Amino acid sequence: MKKVGLVLGIIAGIIVCIISCNKLQSDHPQAKLAPEANTLSEEDIKMYEDSVNLILPELQKQESLVYEQGDNSFYVIKYSHNGEPVLYVENEDNGEYGKSEKRYYLKERRLLLYTENTQSYNTSERLMQNRLYFRGNTLFSSLQKTGPDAKSLHSETLKAFTPKEREQYLEIPEMEDALNQRGKFNLVFDGITQYPKARFLILSRGEFNSYRAVLRIEKEDELINELSSDPSRYTGTKFDLNWQINSEGEAVYTSGRIKR
């Protein structure tokens with residue numbers, strides 16, 4: 001057992017060394033993994049995925065508001081290097097049906113890998129993992145595994161499957177709209193809601209079945225005091241807001257001002 005542990009440790013060290021050397025040579029995950037993008041294999045793309053995940057704390061991070069529509073909600077996180085996106089993460093909560101995390105790994109603004117981890121509350125196969133590999137935004141491999149719990153899922157082997165007809169790279173413009181509050185995500189002030197233990201700033205579009213966003217207020221500032229004193233005066237007003245997503249997946253207000 002000690003010998004096996006030593007061998008595994010050496011292998012792990014070699015892998016870390018390779019990734020570290022690649023990072024030093026490239027200085028960021030956009031470095032070419034192969035001479036031609038069209039020759040990338042699953043293994044090349046998995047190595048790229050690992051390298052991006054390894055340096056996430058060093059990348060530029062942008063978070064969207066938490067958008068709600070009926071019982072569903074989602075928010076997007078974008079990771080970039082020198083303004084070039086390398087990863088989008090979409091966290092979605094479907095209420096009583098389940099939740100999912102979707103990841104879009106990009107290189108030179110082209111989708112290489114789409115992963116989806118889904119937890120369902122009303123099926124026997126509660127957990128599902130999908131991995132879709134792309135060359136030039138064209139799908140060339142799709143793998144899936146399912147299981148009733150995390151232990152079972154881990155022991156399962158990924159198997160080829162035919163995904164639903166959906167072009168994942170077409171989702172990226174909508175995520176950009178969500179990140180930058182454009183189009184159907186261009187929300188305005190709708191009010192402040194007071195609960196015994198929390199206050200929330202509400203944004204909406206005032207349209208049927210449109211998105212809305214809720215920000216938890218944990219500190220008072222000039223803008224919050226002004227809105228609280230006369231909220232009806234500012235109904236329909238656009239704000240420049242700053243927030244952070246907490247561990248519960250809530251957007252927490254940090255600062256803001258009326259948009260000029």
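The values are calculated or read from the model by the stated rules, or taken from the named source; none is laboratory data. Keep in mind that what you see is a predicted model, and the values were worked out from it rather than measured. Positions of Cβ are backbone-derived with ideal geometry, glycine not excepted, and every protein chain shown enters the neighbour counts. Only protein heavy atoms, including side chains, enter the accessible area calculation; ligands, DNA and RNA are left aside. Shrake-Rupley method; radii C 1.70, N 1.55, O 1.52, S 1.80 Å.
Every residue in the range 60-94 that is assigned to a strand (DSSP E or B), under 16 Å from Gln181 (Cβ atoms) and of a type in the set (A, V, I, L, M, F, W, C), please.
Those that are assigned to a strand (DSSP E or B), under 16 Å from Gln181 (Cβ atoms) and of a type in the set (A, V, I, L, M, F, W, C): Phe74, Val76, Ile77.
Among the residues of the range 127-164, write down those that are over 21 Å from the mean Cα position of the chain (by Cα) and in a loop (DSSP other than H, G, I, E, B).
Of everything in the range 127-164, those that are over 21 Å from the mean Cα position of the chain (by Cα) and in a loop (DSSP other than H, G, I, E, B) turn out to be Gly136, Pro148, Asp149, Glu156, Thr157, Leu158, Phe161, Thr162.
Do we have any residue at all in the range 77-92 that's in the same structural domain as Ile172 (by the TED database), touching a residue at least 12 places away in the same chain (Cβ under 8 Å) and more than 21 Å from Ile172 (Cβ to Cβ)?
Within the range 77-92 (the criterion being in the same structural domain as Ile172 (by the TED database), touching a residue at least 12 places away in the same chain (Cβ under 8 Å) and more than 21 Å from Ile172 (Cβ to Cβ)), the answer is no, since none of the residues qualifies.
Can you tell me which condition Asn180 does not meet? The list is (1) closer than 26 Å to Lys107 by Cα; (2) in contact with a strand residue (DSSP E or B) (Cβ under 6 Å, 6 or more places away or on another chain), and all the others hold.
Tallying (1) closer than 26 Å to Lys107 by Cα; (2) in contact with a strand residue (DSSP E or B) (Cβ under 6 Å, 6 or more places away or on another chain), Asn180 fails exactly one: (2).
May I ask you to list the residues in the range 199-257 that are outside any helix (DSSP H, G or I) and acidic (Asp, Glu)?
Those that are outside any helix (DSSP H, G or I) and acidic (Asp, Glu): Glu207, Glu218, Glu220, Asp221, Asp230, Asp240, Glu248, Glu250.
Within the range 200-218, how many residues turn out to be closer than 20 Å to Ile245 by Cα and touching a residue at least 24 places away in the same chain (Cβ under 8 Å)?
10
Just to be sure, is Leu179 more than 25 Å from Gly95 (Cβ to Cβ) and crowded, with 17+ Cβ neighbours inside 10 Å? Quick ask: steps written out before the conclusion?
On the way: more than 25 Å from Gly95 (Cβ to Cβ): no; crowded, with 17+ Cβ neighbours inside 10 Å: yes.
When the stated conditions are applied, Leu179 does not pass them.
Out of the residues in the range 77-124 that are at pLDDT below 90 and of a type in the set (Phe, Trp, Tyr), which is nearest to Glu167 (Cα to Cα)?
Applying the filter and picking the extreme gives Tyr97.
Would it be correct to say that Ile224 is touching a Phe, Trp or Tyr at 6+ places or on another chain (Cβ under 8 Å) and either in contact (Cβ under 8 Å) with a residue 24 or more places away in the chain or acidic (Asp, Glu) (or both)? Working first, answer last.
Numbers: touching a Phe, Trp or Tyr at 6+ places or on another chain (Cβ under 8 Å): yes; either in contact (Cβ under 8 Å) with a residue 24 or more places away in the chain or acidic (Asp, Glu) (or both): yes.
For Ile224, the condition - touching a Phe, Trp or Tyr at 6+ places or on another chain (Cβ under 8 Å) and either in contact (Cβ under 8 Å) with a residue 24 or more places away in the chain or acidic (Asp, Glu) (or both) - is met.
Every residue in the range 100-124 that is surrounded by 14 or more Cβ atoms within 10 Å (Cβ to Cβ) and in contact with a Pro (Cβ under 7 Å, 6 or more places away or on another chain), please.
Of everything in the range 100-124, just one residue is surrounded by 14 or more Cβ atoms within 10 Å (Cβ to Cβ) and in contact with a Pro (Cβ under 7 Å, 6 or more places away or on another chain), namely Leu106.
Out of all the residues in the range 227-244, which are open to solvent by less than 30 Å² (accessible area, probe 1.4 Å) and either touching a residue at least 60 places away in the same chain (Cβ under 8 Å) or not hydroxyl-bearing (Ser, Thr, Tyr) (or both)?
Leu227, Phe239, Leu241
Mind listing whichever residues of the range 163-189 are over 22 Å from Glu84 (Cα atoms) and either charged (D, E, K, R) or touching a residue at least 60 places away in the same chain (Cβ under 8 Å) (or both)?
Result: Lys164, Glu165, Arg166, Lys184, Phe185, Leu187.
Mind counting the residues in the range 185-213 that are open to solvent by 20 Å² or more (accessible area, probe 1.4 Å) and within 30 Å of Met128 (Cα to Cα)?
4
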